[in-house]
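Read the structure below first, then the notes.
The values are calculated or read from the model by the stated rules, or taken from the named source; none is laboratory data. What you are looking at is a predicted structure, and each value in this text was computed from that prediction instead of being measured. Neighbour counts run over all protein chains shown; Cβ positions are idealised from the backbone, glycine included. For the accessible areas, the whole protein counts, side chains as well, though only heavy atoms, and no ligand, DNA or RNA atoms are used. Shrake-Rupley method; radii C 1.70, N 1.55, O 1.52, S 1.80 Å.
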Amino acid sequence: MRLNRLAFFCAVVIGAPAALNADPISFDFRGGWWPRVANEMTFQKDGLSAKVTAHRGARRARVVRGKAGLGVWSGFSDSPAVDGYKGANEALRFEFDPAPVALETVTFSLACSWHGGVDNFALSIDGNMVLANSVVPTGSGLFDVSFALGGVDNVGQVFEFSTVGQTDNWTISGMTVSLTDSLTGGGVAVPEPSSL
């Protein structure tokens, strides 16, 4: 009877990471033609959860999901994109569970065609600024511009993308992350027989 319990225990503990894989996990944040607005949104894929919240300066705003991806909604006169109009300093925050994850790429989409010639973004990870003024390649009518972020150098739980200048105007249509070794390469300890 004890051996059966031990075998079951080891099977459960060893099999626990199987729900999570080491392959990159891609999220597609694009929605339908009619935008959906909420205080927060949660996306799940391959056992990984991404909770998205929006911010405008120091205040919480609402997340908007439309055909071009995720943006910030703070009122009817506001652009559905993440924008810096009138010093709004809008931001999208992604919180992953389980964490940490490695951020591989983010895909920006342009929600409007009247933005400036250069759109910028800043990225902070777990409250620490990583990229202060990175350029999103833009052009009228251009959609889905992927930005490689080097994965292994960008590991954390909370990733925040914010605007830099007043003419910045973009949405986030997709994101690819990888689970770190602590989750996929033996993150669950199997006790030695003597400790059982």
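Taking the stretch 59-85, which residues are open to solvent by 20 Å² or more (accessible area, probe 1.4 Å), within 17 Å of Ser109 (Cα to Cα) and either out of contact with any Ser or Thr (no Cβ under 8 Å at 6 or more places or on another chain) or of a type in the set (Val, Ile, Thr) (or both)?
Listed by number, the residues that qualify are Arg65, Lys67, Trp73, Ser79.
Applying the selection to the stretch 68-87, what residues are modelled with pLDDT under 75 and either outside any loop (DSSP other than H, G, I, E, B) or touching a Pro at 6+ places or on another chain (Cβ under 8 Å) (or both)? Reasoning before the result, please.
Here is the first cut: in the stretch 68-87, the ones modelled with pLDDT under 75 are 76-77, 85-87.
Tyr85, Lys86, Gly87, listed by residue number.
Would you say Arg56 is touching a Ser or Thr at 6+ places or on another chain (Cβ under 6 Å) and either farther than 19 Å from Gly32 by Cα or crowded, with 22+ Cβ neighbours inside 10 Å (or both)? Give the steps one after another, and end with the answer.
Working: touching a Ser or Thr at 6+ places or on another chain (Cβ under 6 Å): yes; either farther than 19 Å from Gly32 by Cα or crowded, with 22+ Cβ neighbours inside 10 Å (or both): yes.
Yes; evaluated as a whole, the condition is true for this residue.
Report, by residue number, each residue of the stretch 148-180 that is open to solvent by less than 40 Å² (accessible area, probe 1.4 Å), among the hydrophobic types (A, V, I, L, M, F, W, C) and farther than 22 Å from Asp83 by Cβ.
Of everything in the stretch 148-180, those that are open to solvent by less than 40 Å² (accessible area, probe 1.4 Å), among the hydrophobic types (A, V, I, L, M, F, W, C) and farther than 22 Å from Asp83 by Cβ turn out to be Val177, Leu179.
Looking only at the stretch 1-49, count every residue that is open to solvent by 80 Å² or more (accessible area, probe 1.4 Å) and at pLDDT below 50 and tell me the total.
Summing the residues that are open to solvent by 80 Å² or more (accessible area, probe 1.4 Å) and at pLDDT below 50 in the stretch 1-49 gives 9.
Any idea how many residues of the stretch 44-67 are in a strand (DSSP E or B), in contact (Cβ under 8 Å) with a residue 12 or more places away in the chain and within 19 Å of Gly165 (Cα to Cα)?
Initial filter on the stretch 44-67 (in a strand (DSSP E or B)): 44-45, 48-56, 59-66.
Then keep just the ones that are in contact (Cβ under 8 Å) with a residue 12 or more places away in the chain; that gives 45, 48-56, 60-66.
Filter once more, keeping what is within 19 Å of Gly165 (Cα to Cα): 54-56, 61.
Matching residues across the stretch 44-67 total 4.
Working carefully through the options Ala189, Ala132, Ala111, find the one that is surrounded by fewer than 14 Cβ atoms within 10 Å (Cβ to Cβ), outside any helix (DSSP H, G or I) and modelled with pLDDT under 70.
Values: Ala132 fails: modelled with pLDDT under 70; Ala111 fails: surrounded by fewer than 14 Cβ atoms within 10 Å (Cβ to Cβ).
The match here is Ala189.
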